[in-house]
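Asks: There's a structure below that I have some questions on.
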Amino acid sequence: MRFRMYLPAEAASSGSACREPIRLKAGLRTTEIMSRATLSLAAVLVGGVLAVSSTALAQSPPVVTFVASGEHSHSSARVTVDATREEGSTLTARLTSPSGGAETLNLDRDGRRHTWVGHLREAGTWRVEAILEGPDGRQTGEATVSLSAGEPTCSLSVSAPAERTDYIEAEITVNVCEAQATTGSIATRYIRVMQDGAQISGLDATDQCERTFILQGAGLYDAVAEVVDDRGMSATCSSNDVDVEALHARAWLTGDAAGGMTRSSREDIMDSPSSAPLGGVAIGITVPFDPGADSTTAFIARAAAGVAHNNWFGGAVDALFTRQTPGGFFGAGAGLWGIGDEDVADVALIAAGGLNLDRYYQAGQTQIYGELRLFAQHISELQDNYAAILGVRVNFRPTHDLRAR
């Protein structure tokens, strides 16, 4: 580097035609100047780098971002924590559920960003707190997300026969087809039917959302449905009570077939008294006093015809009062015996009893019974004037009808 210098005025007065520059070497002074300038510049640059480095490593409070994929429970969620960490610092994040349970999240780090992805299964407010601890102390940040339960909508309808329907055919129909999921879809449907508060049946209605149930008789029926969506959220609903009335038969026909033995003092037979086997059939009508009761008193009127070992052919007309129970019946009555044969005709006192071969209300559909008849004309000689028979009775009666009130 060179410097050009000009002499003062006396140099001009020497008569030089022009001013000649005097060339001087900078020497040590120039080098010293340059060295100082270089050092100053280096100091500025180093100071700037140190200042930048100091700023980049300074710890700052964590910034938390908490986002859910939906507004209902069982949504997926993403937590992002942005934080500048000093060497030796630690960053933790804790997730607290609406019910108070807490867990430490396993964060994935990418530079200053730390993330977690998972599911939020409860309804309510979820809270994330990030804690950064380092040489500069403890700093925190937090965020919350609120979710609603989003239960499915449960809906059902119930119908029962409004007209008289035979007990065997009477049904109650339950429909849960209108149930809907708030989000997603309905996964399962289940129906329970109650009678007078006790469950009598239950059916899966997932694939068939309308189901029918046999009515068990009179009473208050209620249907309860439970639906579950594909997130596992459930909802239940129930119907209003359906009052079902039982319409029992007030009377029914009966048919008897019987056989046995008769012994009587007969004037037309030399070897009196005589015994003879007998058999016959009868038709009658039964009238219960309380058609709907499990046990009741019933009146039976009956007409019969039969034959006794070729000695006579005749008939009988009877009236009895019986006690009908779920297990059978017993009773007593009176009747005219031997109608059509003047030598045999008599008034008979009757004692009867039987068992139900199948149980249903006052009388079984089929009964086995026995009767003992004592003849009034020779009531003082009972051992020689009686008839004993064993028979089968069929009750021609429907069980009962049902009708919803």
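Just so it is clear, none of the values below were taken in a lab; they were calculated from the coordinates. What you see is a predicted model; the values in this text were computed from it and never measured. Note that each Cβ is placed from the backbone with ideal geometry, even for glycine, and that neighbours are counted across all protein chains shown.
Asks: Report Rg(Cα)/(2.2 N^0.38 Å) for region 159-308, keeping two decimals.
Replies: 1.90
Asks: Could you go through region 137-152 in sequence order and give the Karplus-derived ³J(HN,Hα) for each residue, using 6.51 cos²θ - 1.76 cosθ + 1.60 with θ = phi - 60°, rounded to whole Hz, and x for Gly and Pro?
Replies: 3J(HN,Hα) across region 137-152, in whole Hz: x, 10, 10, 10, x, 8, 8, 10, 9, 10, 10, 8, 5, x, 5, x.
Asks: Give the relative contact order (percent, whole number) for region 157-247; include only Cα pairs under 8 Å separated by 6+ residues.
Replies: Taking the mean separation of contacting Cα pairs over the length of region 157-247, I get 29 percent.
Asks: Between Ser275 and Arg138, how many nm apart are label points set 7 Å from Cα along the C-beta direction?
Replies: 11.0 nm
Asks: Output wanted: per-residue J couplings in Hz (rounded whole) for region 167-183, from phi through Karplus 6.51 cos²θ - 1.76 cosθ + 1.60, θ = phi - 60°, x for Gly and Pro.
Replies: The phi angles translate into 3, 5, 9, 6, 9, 10, 10, 10, 10, 10, 5, 7, 5, 9, 8, 5, 9 Hz.
Asks: Here is a follow-up. How compact is region 63-147 by the rule of thumb for globular proteins, expressed as Cα Rg over 2.2 N^0.38 Å?
Replies: Normalised Cα radius of gyration, region 63-147: 1.10.
Asks: Order of 95-105, 385-395, 182-192 by packing, highest average Cβ count within 10 Å first?
Replies: Averaged packing, sorted descending, gives the order 385-395, 182-192, 95-105.
Asks: Turning to a different aspect of this structure: Regarding region 314-405, what are the three Cα extents along the principal axes, ordered largest first, in Å?
Replies: 57, 23, 20
Asks: Which three numbers, in whole Å and largest first, are the semi-axes of the equivalent ellipsoid of region 157-247 derived from its Cα gyration tensor as √(5λ)?
Replies: For region 157-247, the ellipsoid semi-axes come out as 27, 12, 10 Å.
Asks: How big is the dipole moment of region 252-402 about its Cα centre under a simple scheme where the beta carbon of each Lys and Arg is +1, that of each Asp and Glu is -1, and everything else is neutral? Debye, nearest 20, please.
Replies: The dipole magnitude comes to about 520 debye.
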